[in-house]
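**Q** Have a look at the structure that comes next, please.
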Amino acid sequence: STQSQLVQSEKMASLGELTAGIAHEIQNPLNFVNNFSDINSELIEELKIKNENLKIDDKEITDLLTDLSNNLEKINHHGKRADDIVKGMLQHSRISEGKEVPTDINALCDEYLRLSYHGLRAKDRTFNAEMKTEFDETMGKIKVVPQDIGRVILNIINNAFFLYVGKKRNNNIFHIYFFLIY
């Protein structure tokens with residue numbers, strides 16, 4: 001039994017290292033995309049101002065600038081989402097030091113909800129869910145070991161999603177209620 005637990009523990013440590021390595025490799029090109037997205041957004045705004053100053057009344061140019069701006073807004077939004085996912089992967093792969101720190105539990109729950117959702121979407125592209133959250137904004141920060149609580153939250157949400165996936169999906173609404181009482 002001890003041998004089996006040691007092997008399992010080693011596998012989990014290796015998986016954590018692999019996850020961290022992949023997340024670090026993804027982080028560099030993602031930073032590039034996000035940084036240039038911000039720069040291009042500024043350039044488009046400059047073009048719009050220049051177009052107004054030149055008093056060019058060309059609907060095609062205006063439409064193109066609007067389309068570029070809208071597309072860039074989507075790139076920026078999804079780049080930030082991907083960045084949050086990568087940060088969650090890095091956080092999840094770190095070995096806990098067992099140190100309690102003041103933690104925004106609402107942000108932690110939201111982060112792990114999204115990490116779980118995107119993890120399942122990566123495995124099953126047909127899976128989709130509309131997520132609605134209601135956090136207690138008065139809660140403030142509480143002292144916890146974020147990695148440990150994060151793993152618990154992730155496992156609970158993963159289990160709920162897997163329960164949903166395992167059941168017949170005939171357009172029924174599936175609710176997950178998760179209460180954290182401190």
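**Q** What lysines sit close enough to Lys59 to cross-link, taking a C-alpha to C-alpha distance under 20 Å and skipping anything fewer than 8 places away on the same chain?
**A** Partners found: Lys48, Lys50.
**Q** Any idea how far apart Lys48 and Phe36 come out in nm if each label point goes 7 Å out from Cα toward Cβ?
**A** Placing both labels 7 Å beyond Cα along the Cβ direction yields 2.2 nm.
**Q** To continue, here is another question. As an exercise, identify the trypsin sites (Lys or Arg not before Pro) in the range 104-159 lying in DSSP coil whose Cβ has no more than 12 other Cβ atoms within 10 Å.
**A** Arg125, Lys132
**Q** Roll a 1.4 Å probe over the protein chains and send me the accessible area per residue for the range 84-152 in Å².
**A** Dividing the accessible area of the range 84-152 by its residue count gives 63 Å².
**Q** At a 1.4 Å probe, what is the % contribution of carbon and sulfur to the accessible area of the range 1-158?
**A** Taking all protein chains in place, the range 1-158 shows 54 percent carbon and sulfur surface.
**Q** Leaving out same-chain residues fewer than 8 places away, which lysines sit with a Cα under 16 Å from that of Lys99?
**A** Lys141, Lys143
**Q** Here is a further query. Specify whether the C-alpha gyration tensor of the range 79-138 places it in the rounded, prolate or oblate class, a ≥ b ≥ c being the square roots of the eigenvalues: rounded for a/c under 1.5, otherwise prolate if a/b is larger than b/c and oblate if not.
**A** Note, shape of the range 79-138 comes out oblate.
**Q** What's log10 of I(q)/I(0) for the range 1-83 at q = 0.20 Å⁻¹, Debye sum over Cα points only, no solvent?
**A** At q = 0.20 Å⁻¹ the computed log10 ratios are -0.90.
**Q** In addition: Restricting to DSSP H runs of at least four residues, report the calculated mean residue ellipticity at 222 nm for the chain, -39500 (n - 2.57) per run over all residues, nearest 500 deg cm²/dmol.
**A** -25500 deg cm²/dmol
**Q** Only sites in a loop by DSSP and with at most 16 other Cβ atoms within 10 Å count here; which chymotrypsin sites (Phe, Trp or Tyr not before Pro) in the range 31-132 make the cut?
**A** Phe127
**Q** Ok, one more. Cα axis of helix 105-123 to longest principal axis of the chain: angle in degrees, 0 to 90, nearest 10?
**A** 90
**Q** Now for a different question. Give me the one-decimal nm value for the distance between modelled label points at Leu90 and Ile75, 7 Å along each residue's Cα-to-Cβ direction.
**A** 2.3
**Q** Right, another one. In whole angstrom, and with the biggest value first, how far do the Cα coordinates of the chain range along each principal axis?
**A** Answer, in whole Å and largest first: 77, 39, 36 Å.
**Q** Provide the per residue accessible area, probe 1.4 Å, for the range 1-58, rounded to a whole number of square angstrom.
**A** 81
**Q** Can you tell which of Tyr117, Gly140, His78 lies farthest toward the positive end of the dipole of the chain, using +1 and -1 charges on the Cβ of basic and acidic side chains (Lys, Arg; Asp, Glu)?
**A** The residue sitting farthest along the positive end of the dipole is Tyr117.
The values are calculated or read from the model by the stated rules, or taken from the named source; none is laboratory data. Being a predicted model, the structure only gives us computed values, none of them experimental. So basically every Cβ, Gly included, is an ideal-geometry build from the backbone, and we count neighbours across all protein chains shown. Please note that ligands, DNA and RNA were not included when accessible areas were found on the heavy atoms of the full protein model with its side chains. Shrake-Rupley method; radii C 1.70, N 1.55, O 1.52, S 1.80 Å.
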